[in-house]
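Here the structure is laid out as structure tokens; the discussion comes afterwards.
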Amino acid sequence: MNLLQVLSVVLLVVILILAVWRHVNIGLLGFSATAVLVMASAAIAKISATEMVLSSKEVLLHHFPGEIVTLLIGVSVLFSHLEKSGGLSWFTNKIYAKMGHYTHAVPWIGYFIGFAISTAGAFSTASITLLVPVIAALGRKHPRLFFICEMAAIIGANTGALSPINPTGQVILKAAKDAQVEYNPWLVWLLGTVISILFVIALQIVFHEKRVVDTDNTDKPEKGFLLLKPIKQETCDTHQLQPFYAICSTIGVLIFLLLVVFAKANVGLTALTLAVVLMLFFPKNSKDFVKKIPWNAVVVISGLLVLINTMIQIDTMKAVEHGLLSLTSSKIALLFMLAYLTTFLSNVESSTLGVISMMIPMVFTIFGESPQISLIVMACAAPAMLSVVNPIHIAGTLVVSVTDEKQQETMFKRLLIIAFSTVPIFPGLAMIVPVLMM
């Protein structure tokens, strides 16, 4: 590795440590690291005439992920119409009301609703933010099912993000395009779904309602599988149902899916166009939609992809590949390292999207020529999506927030244990098929 490549790897490690240690947005750190890299390239070039000089204008122009940012904004605003109209909450509540007596099936309602919304393109954090309080309200009727229902919903919503229509799926697609690699994104999504379903089944067995301890004494909560009661809420949704608005919003989402899936329309621009059309017809309901855009995720993905793509430009990823191959000639050992590292980093860094955008380019660089590339991407990405239950993530934080205040510490510990239990188990489980075929 040359001096500029070594510096880029050092900067990547430093920003990851700072993001975890000082809780600074890793996207902002990515922009800063890129700036340091650009300035350092000029200084290093004076020492060595063979080094590449980076231009800040060229870096931002070529590496800023404009398509993915447009997708994040467009899809978020489009699905905000469905939320603001009250249609999504109305539908969710109706389903829970119909299925409430089938206790074994109840957790899967939230799983498949969240999974469907994210698969259709909604940013998974938005899906989770909507579902968590809805399910917390369900806890008043079925308090023993509260915990497993929350887990199933957020796991389903995050797993659906592997869809190629979703921002996370688009990040993986872009990494493949940059590496000139072809893979089957729907196969990754399907196998990721299988992994998450197994995870939910395991949780449903462990936290079966018969094992949950019911108690009215919340001052001294018992240990073990103690029931964690949600905060009592009069309502779980501040948006009243507006039938005509809800129907139009639903039609808008369906048109979006048809155009993207069958007409191969641009995901971001299509969502943004339909969202704007709805804003023109329902201006009074669209005043605060800018706040619905996940700006934190926009910054994360922009900063990281600018840095990662700059590293690709200076051939850092190729140098890392050669370095890893010099350590071991075993592709299985390399897959083991990348899969477990991706899942571990997803647990300690609050942005799974950020970790995916950082690690997946390396996967395509090392395994791009493998005929099992789709299975390899799944083995690295799917287990990482399960880390969303970690309380340092938005989803885990939301679950803690809708838990009774006296039991929040217990909930925090439980979520932490479950999240880190995924690290040794699920990457290995996901690697079984690709390893057998390698």
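The values are calculated or read from the model by the stated rules, or taken from the named source; none is laboratory data. Everything quoted here is computed from the prediction, not taken from an experiment. Backbone-built Cβ (ideal geometry, glycine too); neighbour counts: all protein chains shown. All accessible areas refer to the heavy atoms of the entire protein, side chains included, with ligands and DNA or RNA removed. Shrake-Rupley method; radii C 1.70, N 1.55, O 1.52, S 1.80 Å.
Things to note:
- When all protein chains stay in place and ligands, DNA and RNA are ignored, the 1.4 Å accessible-area order of Cys248, Cys380, largest first, is Cys248, Cys380.
- Shape of region 78-159, Cα gyration tensor, a/c cut at 1.5: prolate
- Counting only protein heavy atoms and a probe of 1.4 Å, the accessible surface of region 1-156 is 70% carbon and sulfur.
- Table column - 3J(HN,Hα) (Hz), region 340-356, Karplus curve with 6.51, -1.76, 1.60, x for Gly and Pro: 6, 5, 4, 5, 5, 5, 5, 7, 8, 10, 6, 10, 4, 4, x, 5, 4
- Prolate/oblate/rounded call for region 148-207, Cα gyration tensor, a/c under 1.5 rounded: prolate
- Report note on the peptides 34-45, 354-365, 309-320, 388-399: ranked by the mean count of other C-beta atoms within 10 Å, highest first, their order is 354-365, 388-399, 309-320, 34-45.
- Spatial separation of Cα centroids for region 67-90 and region 1-62, in angstrom: 34
- Taking the centroid of alpha carbons for each part, region 103-127 and region 338-359 are 22 Å apart.
- Under-5 Å amide H pairs with Thr403, H placed in peptide plane, nonlocal only: Ile231
- Ranked from largest, the principal axis spans of the Cα set of region 55-196 equal 60, 32, 20 Å.
- Stretch gain in nm, segment Lys318-Met279, where the contour uses 0.36 nm per residue and the Cα spacing is subtracted: 9.4 nm
- Rounded tilt (10° steps) of 373-385 against the dominant C-alpha axis of the chain: 50
- Relative intensity of region 297-349 on a log10 scale, I(q)/I(0) at q = 0.16, 0.20 Å⁻¹, equals -0.65, -0.91, per a Debye sum over C-alpha point scatterers of equal strength in the absence of solvent.
- Taking every Cα-Cα distance in region 282-399 and sorting them into 10 Å bins from zero, the calculated P(r) comes out as 12, 35, 31, 14, 6, 2, 0 percent.
- Calculated [θ] (222 nm, deg cm²/dmol) that DSSP helices of n ≥ 4 give over the chain, each run adding -39,500 (n - 2.57): -23500 deg cm²/dmol
- Per-residue SASA entry for His63, accessible area with 1.4 Å probe, Å² rounded to 10: 30
- Folded to 0 to 90 degrees: helix 408-437 orientation relative to the chain principal axis, Cα: 60
- Listed pairs Lys174/Lys264; Lys84/Lys284; Lys94/Lys284; Lys264/Lys292 exceeding 18 Å between Cα atoms: Lys94/Lys284; Lys264/Lys292
- ³J(HN,Hα), Karplus 6.51/-1.76/1.60, whole Hz, each residue of region 314-327, x for Gly, Pro: 8, 6, 5, 4, 5, 5, 5, 4, 4, x, 5, 5, 6, 6
- Annotation: per residue accessible area for region 1-118 equals 50 Å², rounded to a whole number [probe 1.4 Å, protein chains only].
- What the phi angles of region 114-130 give under the Karplus curve with 6.51, -1.76 and 1.60, with θ = phi - 60°, is a coupling list of x, 4, 5, 5, 5, 4, 6, x, 5, 4, 4, 4, 5, 4, 5, 4, 6 Hz, glycine and proline written as x.
- Region 248-331, accessible area per residue, ligands and nucleic acids excluded (1.4 Å, Å²): 51
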